[in-house]
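The next block holds one structure in the form of structure tokens; read it before the comments.
The values are calculated or read from the model by the stated rules, or taken from the named source; none is laboratory data. Nothing here was measured: the structure is a model prediction, and the numbers come from that model. Neighbour counts are summed over all protein chains in view; Cβ atoms, including those assigned to glycine, are modelled from backbone coordinates with ideal geometry. To get the accessible areas, we keep the full protein, side chains included, count just its heavy atoms, and leave off ligands, DNA and RNA. Shrake-Rupley method; radii C 1.70, N 1.55, O 1.52, S 1.80 Å.
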Amino acid sequence: MRLLSRAALVLAAILFAAPALHAQTSFSIAAGAALPMGDAADAYKMGYNATVGLGIKPPLAPLGARIEGMFNAFDVKNVDENLRVMALTANGTYTMLPTIYLIGGVGMYNSKISVTGVDASTDFGFNFGAGVNIPLTGFGTYLEARFHHIPIDGGGSFQFIPITFGIKF
């Protein structure tokens, strides 16, 4: 009888705790300003950023992951042209405090300038940054800034920092 009651207690504890052990997934959308950095700041004006993402994070663990698709656009200074940068990134997250987190990862960045006859370029790059989660009832919001570095074939690099405000569902 004792063995049966202990087994029932263990089973009840497992069934009660199982939902808490499953990772939480989230869908996010974000938008904001994109600031060119380094040599890019000499050639491009401040632009804009739009991002969609899919995240996964166990509720009590500090580590998580996020896959994102991004669209960034920058106007060229003193010329009627623009640059668009689309990206697909895979990122790890590390929650430092309940609301503050670090994020970083790698991705493929596709760049195209609006000049006729110039082909698009796809390059691998990396990003890192930090954010603040703002939990609300039923969903959450966040404010995030990340440095993106894209080495360009033939030398040089393109660097920018999107500062985004997002919503997580």
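With respect to residue 114, is the statement that it is out of contact with any Ser or Thr (no Cβ under 8 Å at 6 or more places or on another chain), farther than 30 Å from residue 63 by Cα and open to solvent by less than 80 Å² (accessible area, probe 1.4 Å) true?
Numbers: out of contact with any Ser or Thr (no Cβ under 8 Å at 6 or more places or on another chain): yes; farther than 30 Å from residue 63 by Cα: yes; open to solvent by less than 80 Å² (accessible area, probe 1.4 Å): yes.
So residue 114 passes the test.
Take the range 124-139 and flag every residue that is surrounded by 15 or more Cβ atoms within 10 Å (Cβ to Cβ) and of a type in the set (A, V, I, L, M, F, W, C).
Let us first name the residues in the range 124-139 that are surrounded by 15 or more Cβ atoms within 10 Å (Cβ to Cβ), namely 125-127, 129-131, 133.
Across the range 124-139, the qualifying residues are 126, 130.
Can you name the number of the only condition in (1) closer than 18 Å to residue 55 by Cβ; (2) in a strand (DSSP E or B); (3) open to solvent by 70 Å² or more (accessible area, probe 1.4 Å) that residue 142 fails?
(3)
Identify, from the list 17, 12, 50, the residue that is among the small types (Gly, Ala, Ser), at pLDDT 95 or above and open to solvent by less than 60 Å² (accessible area, probe 1.4 Å).
Details: 17 fails: at pLDDT 95 or above; 12 fails: at pLDDT 95 or above.
None of the others qualify; the one that does is 50.
Scan the range 67-78 for residues that are open to solvent by less than 20 Å² (accessible area, probe 1.4 Å) and within 24 Å of residue 94 (Cα to Cα) and jot them down.
If the condition is that a residue be open to solvent by less than 20 Å² (accessible area, probe 1.4 Å) and within 24 Å of residue 94 (Cα to Cα), then 68, 70 are the ones that fit.
For the range 53-60, check the following and say yes or no: at least one residue is touching a residue at least 12 places away in the same chain (Cβ under 8 Å) and among the β-branched types (Val, Ile, Thr).
Going residue by residue through the range 53-60, those that are touching a residue at least 12 places away in the same chain (Cβ under 8 Å) are 53-60.
Filter once more, keeping what is among the β-branched types (Val, Ile, Thr): 56.
Within the range 53-60, one or more residues are touching a residue at least 12 places away in the same chain (Cβ under 8 Å) and among the β-branched types (Val, Ile, Thr).
Find all pairs meeting these conditions: Cβ atoms under 7 angstrom apart; at least six residues apart or on different chains; first residue within the range 80-91 and in contact (Cβ under 8 Å) with a residue 24 or more places away in the chain; second residue open to solvent by less than 10 Å² (accessible area, probe 1.4 Å) and among the hydroxyl-bearing types (Ser, Thr, Tyr).
Listed by first residue and then by second, the contacts come to 85/109; 87/109.
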